[in-house]
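Peer 1: Please see the structure below; I have some questions.
Please treat every number below as a calculation from the coordinates, not as lab data. None of the values given here were measured: they were computed from a predicted structure. Cβ coordinates were reconstructed from backbone atoms using ideal geometry, including for glycine residues, and neighbour counts include every protein chain displayed.
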Amino acid sequence: MRARELGRKSVVVGDRVGLVGDTSGAPGALARIVRIAERTSVLRRTADDDETTAEGRLERVVVANADQLVIVSALADPPPRTGFIDRCLVAAYDAGIEPLLCLTKADLAGPEAVLGYYTELELPYVLIRPDSDLAALRALLAGRVSVLVGHSGVGKSTLVNRLVPEAERAVGTVSAIGRGRHTSTSAVALRLPVEPGAGGDTGWIVDTPGVRSFGLAHVSAESLLHGFPDLVEATVDCPANCPHTADEAECALDAWVAAGKADARRLASYRRLLASRSGEGDPREPERNPGDPLAGS
């Protein structure tokens with residue numbers, strides 16, 4: 001229970017709280033949350049990118065106090081969507097959380113196209129196959145609070161069950177049109193088990209429901225750019241108050257890409273997000289760059 005004196009202050013997964021009452025966990029035990037500690041980080045998303053809409057104004061706190069965002073993406077079935085990964089990166093950088101790219105179903109396709117798209121970011125990543133050893137991933141999760149985010153059907157719940165067998169998270173299938181069915185219905189924090197012969201803090205993972213998109217109406221246009229660190233340096237040569245849109249003749253981003261200093265698809269993705277903030281396009285629908293084998297949002 002939450003104490004009445006906390007008023008409308010929300011309590012979310014990851015919050016550190018003070019309790020009074022019976023904290024034994026026995027059947028029938030009752031305790032109250034009387035204090036919520038100051039949060040070190042807050043990962044948010046909105047249903048819409050446009051802050052002028054009701055969906056865009058409604059912020060959803062995904063998790064509090066996480067220090068790592070694990071972006072789970074399948075390499076096939078369903079295909080990877082770099083537009084969605086870009087959105088997660090923006091949200092992570094905005095919240096001050098370190099990103100980690102977790103590429104599942106590596107037995108079905110290679111990672112070269114995805115990793116090539118992010119080569120300038122030096123984004124940490126792990127490859128996961130059905131029979132692969134998870135030691136490398138466990139090492140990256142150890143001692144941290146990591147939140148797992150991904151589209152439905154990418155194998156996130158299967159991964160959670162491998163990391164925490166007693167979790168018994170529901171596992172779904174991918175439909176014929178390449179969309180996963182939602183299996184996890186609520187976020188839950190799980191303590192990682194101690195490996196034989198290992199010690200120290202094993203860390204926590206927060207499994208979240210599969211999402212279709214990651215709305216960014218809560219992120220300012222300036223902060224949006226910091227989700228694209230490979231483009232930031234170019235803006236030094238932009239005129240004051242440059243909107244960085246394609247119709248801005250003096251924007252330095254186009255010359256930066258033309259000089260081979262960034263991937264043109266990254267600039268296209270950034271400008272799509274800018275357009276979405278203006279109410280153009282639907283962040284919930286897949287977007288594709290012409291000639292790009294990777295899917296969009």
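Peer 1: Which one of these is part of a loop (DSSP other than H, G, I, E, B), at positive phi and surrounded by 12 or more Cβ atoms within 10 Å (Cβ to Cβ): Gly14, Gly25?
Peer 2: Just one listed residue meets the conditions, Gly14.
Peer 1: Oh, and also: Hand me the list of helices (runs of 4 or more DSSP H) wholly inside region 214-260 holding 2 or more residues that are in contact (Cβ under 8 Å) with a residue 24 or more places away in the chain and in contact with a Leu (Cβ under 8 Å, 6 or more places away or on another chain).
Peer 2: 221-225, 229-232
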